[in-house]
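Nothing in this text is a laboratory measurement; each read-out follows from the coordinates by a stated rule. Predicted model only: the values in this text are computed from it and were never measured. Here the Cβ is made from the backbone with ideal geometry for all residues, glycine too, and neighbour counts use every protein chain on show.
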Amino acid sequence: MKKVVLVGSPNVGKSVIFNYLTGKYVTVSNYPGTTVEIARGRSTIQGTTYEVIDTPGIYSLLPITEEEKVTRHLLCQEKADIIIHVIDGKNIRRMLQLTLQLLDAGFPVLLNINLMDEATKSGVYIETMMLATVLGIPVVGTAAVKKIGLEHLKREISRYCQVTPSFKMLFSADIEQTIVKISNQLQDDYGISRRMTALLLLQGDRLIYQLTYREPFISNIIIEVEKVVGSYSYHIEYILTVQRQAAIDQICNGIVMNRRASKQGVLEQLGRLTREPATGIPILCIVLFLGLYEFVGKFGAGFLVDFIDVAIFTHYITPVVENIVYTYISLEWLQSLLVGNFGIYSLGFRYAFVIILPIVGTFFFMFAILEDSGYLPRLAMLVDKVFKRFGLNGRGVIPFSLGFGCGTMAIMVTRTLETRRERIIATFLLSLAIPCSAQLGVILTLLSHSSLALTIWAVYMGMIFAIAGWLSGKIIPGKPSAFYMEIPPLRMPMLTNIVSKACIRMGWYFVEILPVFIITSIVMWCSDRSGLLTNVIQYTQPVMKVLGLPMEMMQVFLLGFFRRDYGAAGLYDLYASGSLTTGQLLIASVTLTLFVPCIAQVAVMIKEMGWLVSLLLVIMIVFVAVIAGWLLLCLLHLWQLQIY
Amino acid sequence: MPDTISMVHFKGKKKVRVVRLLSNDPGQLRKLITFGILPGAEIEILQSYPTYVLKIGYTQVALDYEIAKNIMVTI
């Protein structure tokens, strides 16, 4: 099967094109770095089936972040039949840098100028036919979101055959000579042209040095590299880019025309307001208040949960299920396994649908709006200074805000951070102090009757986040990497994309959690039956005592380990039955929020960070959670604070 | 030749031309050049707090002080 790989800078619409070609859905949004993993799908064009591969965005063939390395590796490993370089039309001069690099690497490139509609609006006109002639490769203009030009793109794919491009990048004579000298001494094949291998070596690319160290003439090559690198007072990568840019400007002469841009619209104005601190910070607070508190907290966790629980489950479904079980099943143990306290239905199924579904659903819906509008990068730049104090930078805001939805997803998204150090700090803080939407929703509802308790909870969590962040920034060696991020234009989110994205995420979440819920209820049921649960609760009683909590609370913590949200749901039941005072509820909420993330999150953590780091993090988290709960208890006693 | 100063000296909106980049850290240099911040490029400083925001061509880029201080510009 022929392989088609989509590459290009972040946020140019590769995934939109992938979705169109394959009919599959991968997440699309309006911020750089949405795709952190490779997606594969199939597309049949005029009777031929192609394998289409979507890749995380790269700015150049020299990677900076983890996800960029993934793409570079893929380009070298997969012998693609067509590489579609997707670029942003209005920034064509900058984006052609990568096109020329891909051509230098000897790849079969098809150039796709996307976002043509935005380019026209900005006053940029591109003669695609002339560009195709000059470069000697097929060039297709599209506006993928509006489905313009995509059929043309398909046709070009089906008739594609690799030709030698008519354009050849020539650097200055000394560099060209060195490239020839190095290429002649290379023996092995690294999935890219010798010329590009030489260029990467010249630029000191680590990945290529790791591969070429066994080359027989590597010491000669290094001497050549050092000779030419030493002759410039600037970094060689910079020299190459400047020379390439000069070539691009020549290519674009007469092909790219700049005319007057159309007048600034409402979105441009709003884009500016959300970015400037005087207006941006109030807007940020409004977004958080409306989105998180009103929509997810009050509407999702309050209204929807009640509605589904009372109007649907209590009235219709539960009586039916219980009726069926008691009528047709006579075995007592089976009855309790299904509809008992820890039954598969009452604990597993009902929790998943009543409590988790509405909260997670509303969160993903809201998050999708933020993503697609292009608000998140603005958020990132506004909070950069704050995140720097935690040893991270503004980039961290994307995994952290996703963490309020699902910590497991958020840990995967930490791949967009630059260094391993930052990923460890982010994973730690995410697992410790960021409640997922289900947890947050339940806690907000539980504490909402006492604004004092809610305020204490929020301030206390914020403090722990700040202290833990500040300490980990100090303790883990290294310093935060510099912050840079493209600020995309604000775009009007499309309802269809938002809904499908929220649904896909919810589906993903459900497939992952429902089995865990059911297994958990079985495990809990078994340990309850065998008396193990009572034993565990007995053993851990001292801990509960320290925290001033009733014994049953341990059960909630155990549940909480299987799923964070599950624990929160258990807390809800315990409170509903009246066994907790508001003060205890507050301490329980704090400890539970901090407590070990759910099993799925630990699994992802191990996958991304390794056993050792994960184990250390988990130990730290349990420790901090208990201490923080105890400290709060002491403080409440100290101030003799009575919370009702 | 007009004076060359670091762009962080400008507060508020300003159109400037890049003269050279000071950093020797290849990672930092790469970040700048991938956005087209190269000698001769015209950039517009849109804001300087809480991070710097530049406009290069049709792209807006946010940069922190650590990177921005290495961009030497002239008016």
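Below are the figures for this structure:
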{"quantity": "Zone of residue B:13's modelled label, taken as backbone nitrogen in region A:243-286 under 17 Å from a point 7 Å along Cα→Cβ", "calculated": "A:261-280"}
{"quantity": "Using distinct alpha-carbon pairs, which all enter the 1/r mean, Kirkwood radius of region A:173-258 in Å", "calculated": "14.0"}
{"quantity": "Distance histogram in 20 Å bins (all Cα pairs of region A:277-638, percent per bin)", "calculated": "29, 59, 12, 0"}
{"quantity": "Rounded to 10°, Cα long-axis angle of helix A:218-230 versus longest principal axis of chain A", "calculated": "80"}
{"quantity": "Principal-axis tilt of helix A:318-328 within chain A, Cα atoms, nearest 10 degrees", "calculated": "70"}
{"quantity": "Kirkwood-based Rg to Rh ratio, region A:2-158, C-alpha trace", "calculated": "0.92"}
{"quantity": "P(r) histogram, all alpha-carbon pairs of region A:517-644 included - 5 Å bins from 0, percent", "calculated": "2, 10, 18, 21, 21, 15, 8, 4, 1, 0"}
{"quantity": "Spatial separation of Cα centroids for region B:27-45 and region A:430-446, in angstrom", "calculated": "41"}
{"quantity": "Separation between Cα centres of region A:34-84 and region A:215-237, rounded to whole Å", "calculated": "30"}
{"quantity": "Volume in Å³ per residue [convex hull over Cα atoms, computed for the protein assembly as shown]", "calculated": "187"}
{"quantity": "Förster-model FRET efficiency, 30 Å R0, residue A:320 and residue A:576, C-beta, rounded to 0.05", "calculated": "0.85"}
{"quantity": "Length gained when the stretch residue A:73-residue A:638 is fully extended (0.36 nm per residue, less Cα-Cα span)", "calculated": "197.6 nm"}
{"quantity": "Expected 222 nm ellipticity per residue - DSSP helices of 4 or more, -39500 (n - 2.57), all of chain A, to 500", "calculated": "-18000 deg cm²/dmol"}
{"quantity": "If the convex hull is drawn through the Cα atoms of chain B, its volume per residue in Å³", "calculated": "76"}
{"quantity": "Considering only chain A, percent of DSSP beta bridges that pair antiparallel, nearest 5", "calculated": "40"}
{"quantity": "Segment residue A:278-residue A:536, length gained on full extension (0.36 nm per residue, minus Cα span)", "calculated": "87.5 nm"}
{"quantity": "Value of Rg/Rh across region A:121-278 [Cα atoms, Kirkwood radius]", "calculated": "1.09"}
{"quantity": "Within region A:99-137: backbone nitrogen closer than 15 Å to the residue A:492 label point (7 Å, Cα to C-beta)", "calculated": "A:118"}
{"quantity": "Listed pairs A:227/B:69; A:388/A:474; A:479/A:607; A:14/B:55; A:388/B:15; A:69/A:90 exceeding 21 Å between Cα atoms", "calculated": "A:227/B:69; A:479/A:607; A:14/B:55; A:388/B:15; A:69/A:90"}
{"quantity": "Calculated FRET value between residue A:522 and residue A:161, using beta carbons and R₀ = 41 Å, to 0.05", "calculated": "0.10"}
{"quantity": "Between 0 and 90°, nearest 10: helix A:611-638 axis offset from chain A longest Cα axis", "calculated": "50"}
{"quantity": "Residue-span extension gain [residue A:226 to residue A:174] - 0.36 nm each, minus C-alpha spacing", "calculated": "17.4 nm"}
{"quantity": "Listed residue (A:300, A:355, A:471) projecting farthest to the positive dipole end of region A:277-638, Cβ model", "calculated": "A:471"}
